[in-house]
Every structure is written in C-alpha cells, then in structure tokens.
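S.K.: Quick one: structure below, then a few questions.
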Amino acid sequence: MRSTRARRAAMIGTAALLLVAPCVALAQAEPAAPAPALPADMVAAIQRDLGLSPEQYLDRAETGQVLVRFAETLRGKFPTAYAGAWLDAAGTPLVGLADGPDKAAARSAVEAAGYKVKDQSRSERVLSDLLGQLDTWIQQLPAPLAGLVNGTAIDPVNNDIALEVKDTAGGQGLQLPDFLNFVRVAKGPAGSSEVPGFGSSGPPATTEPTKPTTNPVASTITLDPITAAPDSNEYTLTAKITPAAAGGTVEFKDGNDVLGSTKVEADGTATRIWNPGTDGKHTITATFSGRDGVAGSTTTQEVTVTTVAGTTTPTPTPTTKPKPPAANAVLGGDIYGSEYEGRKNICSFSFNATDGSGHAMNITAGHCDKDPLEAGTLYASNAFEIVGDDRFGDRFGDRFGTFDKTVHDGMDYAVIKIDDSVAKRFENNFVRARGSDPVPITGTADPVVGAPVCKSGSTTDFTCGKVTAINQGIATGSSKVYKSFATNYCGLPGDSGGPIVTGTKALGISVGTNGRCGTPDQKNWGQPINAILKANPGLKIRTN
C-alpha cells in the first residue's frame, strides 16, 4: 500500500490539470527520497510537545508543503474565491472558499485534489484589504498608543483579522473605532522578550497618552522614478513628503505585499531597497503615516521589472545521505556571542549557507546584531565562539566571523560572514540541540497554519509546536517585522536566531518570544527562510 504522502501527491497531480491551460504539459514528480532518521532528542520533543510519532510528524510536515504548493496555484487561478488553507488539529488539510463567480470551479479543483472545502464568508483578497485598513489606522496612532500593539494577522481558520494588544491596553486609552468592527482583539501577556515589542509591554505609561490632532495639515507624498541599479535586481524606492514631518514613517507595498516601513528624514525623504521576486508590471504604493499635526497621504507608481529572471535562486537539491559532522563542526542551533559597547549578547546560529561566491555564511536573527548600521563594514560586529558549556557567554573564545548584512525593519535577519580560518567548521547542513545528534536539512519550506514545527536554540534546545499564524505583522519597538509566522512552541532569550524546521526542511529563524514557556499562551515568532533567500540572490542554505 502506498503511503499517505504518495497518495496525496498523486491526487495533487490530478488536481493540477484543472488549474493549468490544457496545452501545458505536466512534469512528472520525482519519487520521494527516504527521510533521514531524526535524532533522539528531537523525537522526544515531538512526542512530548506534539503527541506525535516521528512518522506522523514527517507526514504532516510534508502534507503542509503539498498544501502550500496547491494553495499557491489556487490563489492565482481563483482569487475571488480562495480564502486560505490550513491543517486542522488532526492534521487534515482544509481549503477555505468564499462566495463568488469562480467558487464552483474552485470547489471542483479542491475536491479533485482530495481536500475538504471549508465555506467562508470572506476571501483572502478581502481579508488582505481589511488588514490594510487596520495597519493604516495603527500607523496613524500616537506613539504611546501604537506601542500597545503586539501584532496583526489574517486568521484563515476563523476567517477574520486578529489584533493582539498588550494586556494593559484597555486601561491606557486604546480603543478601536467603529469602522474597524471586523477586527477580533486578543490580549497578550507582558512576558519577557529578546526584542522590545515582541510580547513585552515595558513599563506602564505615567502620563496621559497624546491625543491625535483634530485638524491636521494636509500632506503630499511623491515617489521618485523607480529604476534598478546597473546589472542587478536592486531597486531604490524614494518617497518625498511635503511638509517634511521628520520622524514619521512611510510604508512601501508591492501590490498587496508589504515591503516594510522607513522613517522620514529631516529633508522629508524616506528610502527603501526593493528586490522584486517576479518580472512584469508592479504597483508600488507609498503611504505616509502622518506625524505631529501633518496628515497622512498615499501615492502609487507603476514599474515594469525585467531583472528577476537572471537572479532567481534555484531550489536546493535534497540530501539523504549526509556525511557526519566533524568533532569541531558548528551546526544550526549552536550558541554564539557578540559584543557591543561592553555589553555581551548571546544568540543561536541558524542554517549554514553560502553566498554567491561560495563563501561560508550563517543566517541568524537581525536583532542579535546590536550595531546593525555597521554591518558589512570594517566596523561590523563580531560573532564569537563561546568557550565550554557557557550559556551566559561570560567567556568568549575565537572569532567566528562578522555581521555582513543586518535587517531589522520590515524583516528580522542577519547574515554572518564566516572567517576563512574556521570556514571548514561551517561546511555542513546540520541542525542540533546541545549535546544531541544532528538532523540534516534537506531543503526549504513555507509556513502554513497547523503545520508541525520544531526549533533548536541555545537556551531551550529542541522544542516543537505548530504554526498558529502566517503573514503576521509584529511590533518591535521602533520597527515592525512584516510577514513573520507565529508558533506555540517554547522559546526563551538566547534562542533567537536559531533554526525552525518542519520535517527536515528549513522553515525559518527564531526572532521573538513572549517568554511564557509552560503556559497555554506561550508564543514565538519566526522569519520565513525563503523570504530571506529571495531578498539575497546568491545566498543558499546548505543541503549537503
């Protein structure tokens, strides 16, 4: 009898015929390679935290990825009907469909794929528009009130918009206006955090929050002509606000995809780098949030992209028979230290990688670099080996490398360039917990609600849970991280930067926690790995 994964793959192949033009030939799927054995510590975490066997964990992880690929096709073919996809508590894949002219055709495709349909009232497109209204309102709040927001997200299961606020928000004047009555509000705990704003409320306000200006001055926002740098896929987005309103923020979007927010400088400009993912026409939107009595404003510009085809990163080839790591090898999940102005910082390595020239790199969390503006320069922060078994980082050893690129606005990640003298130690595709056997990374994956995940970190080792939200906006003090995913595994300070996997595929890196391990409301956030690779052409995680 064929396995569940094999049967599901066969059904997806049938359904794909309904979603492509008749003249397009369907490529035959390669036979699935046998999954590598999972280490004992990871198996124990899977059984303890998920109540699953290793086989169930691997099967549900693969089910999630097959569902993601199917959902991407369905979203493009039936945008007015598609209302999200997720795994329920039993691991059953579900696809939401909303009423519309193409719902019947979408239902036929879903059922032909062997999936169950969940009738929903709103499509994903409608939910995205509603989320945009909520995010715009938050951007226009005074800083004391905006700081009470933990994050926003589309909830595909409940078919609504979720707003998480600090549990002190009600007493500090944060109230939703009537036009946002579609938002479901949840209060988050004031737990510990590695980044201010990730589930951490900070000290209570001692003064009355500033009230919005009742008669703001009108503003205008314009975009400079958008062009790519020579021989690259890097575009510069420059918005100009009049009057200047320095200190405000401008949010940039590519269609419905949020690219991130940038502060307005003294001359009224806000600039952001954009690496588009596809060729063709793009609509760039720049929205000024409003500031100090100056009202918000929005502008758009059409741009035709022709630079992506030559810079797309190929999907890594899975490895099923990896070589065992050397005794001194550095693996994903291992501890490292950094130092800035005399303050020591402890984080975890994530996935070993290479840049476009084949140089050894490692991907970690952006907020682990306490001097991000110097990344990639002679003054960049260093990453050090921790001597012995010292989780508090009191003893720094030899230097591993330097922070080559650090991003902590819109996304949260950093790329460490490994020194040539220790590069051999990073030439592996393994992830482990402290003292555990390793698990080989066989590729990359995308988050889907309900999918099982495990993470490794220098503080809590292997812990497992499920994806609880995707495309989530998270407040991080003065910045915001867009399109993170939320999970319910246990994580604590020191785990930041560590690898998150689903099955044996790289899913993301740990970027935040509410510090509530052992409670029903424990929550952690991850930065999707494929978004990082997409933003850095030539960067590849190791799969051998």
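Every number here is computed from the coordinates shown, using simple stated rules; none is lab data. Bear in mind that the values here come from a model prediction, so they are computed numbers and not experimental data. Cβ: placed from backbone, ideal geometry, glycine included. Neighbour counts: every protein chain shown.
S.K.: Between LEU180 and ALA327, what length in nm is gained on full extension when 0.36 nm per residue of separation is reduced by their alpha carbon distance?
M.R.: Numbers: separation 147, 0.36 × 147 = 52.92 nm, distance 5.66 nm.
Gain on extension, LEU180 to ALA327, equals 47.3 nm.
S.K.: Let me ask you something else. With a/c under 1.5 counting as rounded, go ahead and sort the stretch 125-188 into rounded, prolate or oblate using the C-alpha gyration tensor (a ≥ b ≥ c being the square roots of the eigenvalues; past the cut-off, prolate if a/b is larger than b/c, else oblate).
M.R.: On the way: a/c = 2.04, a/b = 1.51, b/c = 1.35.
Prolate, since a/c reaches 1.5 and a/b exceeds b/c.
S.K.: At 0.36 nm per residue, and after removing the present C-alpha to C-alpha distance, how many nm does the segment from VAL117 to THR278 gain when stretched out fully? Please report the intermediate quantities before stating the final value.
M.R.: Numbers: separation 161, 0.36 × 161 = 57.96 nm, distance 3.00 nm.
Extra length available between VAL117 and THR278 comes to 55.0 nm.
S.K.: Here's another thing I want to ask about it. How would you order 341-347, 421-427 from highest to lowest mean count of nearby Cβ atoms within 10 Å?
M.R.: 421-427, 341-347
S.K.: P(r) for the stretch 220-305, please, calculated from all Cα pair distances in 5 Å bins and given in %.
M.R.: Reading upward from the zero bin: 3, 16, 28, 24, 15, 9, 4, 1, 0.
S.K.: In nm, give the distance between the simple-model label positions of ALA40 and LYS370, each being 7 Å from the Cα along the Cα-to-Cβ direction.
M.R.: Distance between the two pseudo-spin positions: 3.8 nm.
S.K.: Can you flag which of LYS405/LYS505; LYS483/LYS540; LYS424/LYS523 are past 32 Å Cα-Cα?
M.R.: Values: LYS405/LYS505 24 Å; LYS483/LYS540 21 Å; LYS424/LYS523 35 Å.
Beyond 32 Å between Cα atoms: LYS424/LYS523.
S.K.: Okay, next question. Could you compute the FRET efficiency for THR242 and GLU72, with r as their C-beta to C-beta distance and R0 at 45 Å, rounded to 0.05? Working shown, then result.
M.R.: Values: r = 40 Å, r/R0 = 0.90.
Between THR242 and GLU72 the formula returns 0.65.
S.K.: Ok, one more. Check GLY293: other-chain or 5+ apart residues with amide H under 5 Å from its amide H, H built from backbone geometry?
M.R.: The list, which skips near neighbours in sequence, is THR213.
S.K.: Let me ask something else. Calculate, in nm to one decimal, what ASN256 and ASP224 gain on full extension: separation in residues at 0.36 nm each, minus their alpha carbon distance. Each step should come with its number before you reach the end.
M.R.: On the way: separation 32, 0.36 × 32 = 11.52 nm, distance 2.03 nm.
Here the segment from ASN256 to ASP224 would lengthen by 9.5 nm.
S.K.: Tally Lys/Arg at +1 and Asp/Glu at -1 over every other residue whose Cβ is under 11 Å from the Cβ of ALA153; what's the total? Walk me through the intermediate numbers first.
M.R.: Details: positive: ARG184, LYS483; negative: ASP135, ASP155, ASP160, GLU164.
Overall, the nearby charge balance is -2.
S.K.: Say a paramagnetic label sat at a point 7 Å from the Cα of ASP99, along Cα to Cβ; which residues of the stretch 119-143 have their backbone N under 14 Å from it?
M.R.: 119-123, by backbone N distance to the label point.
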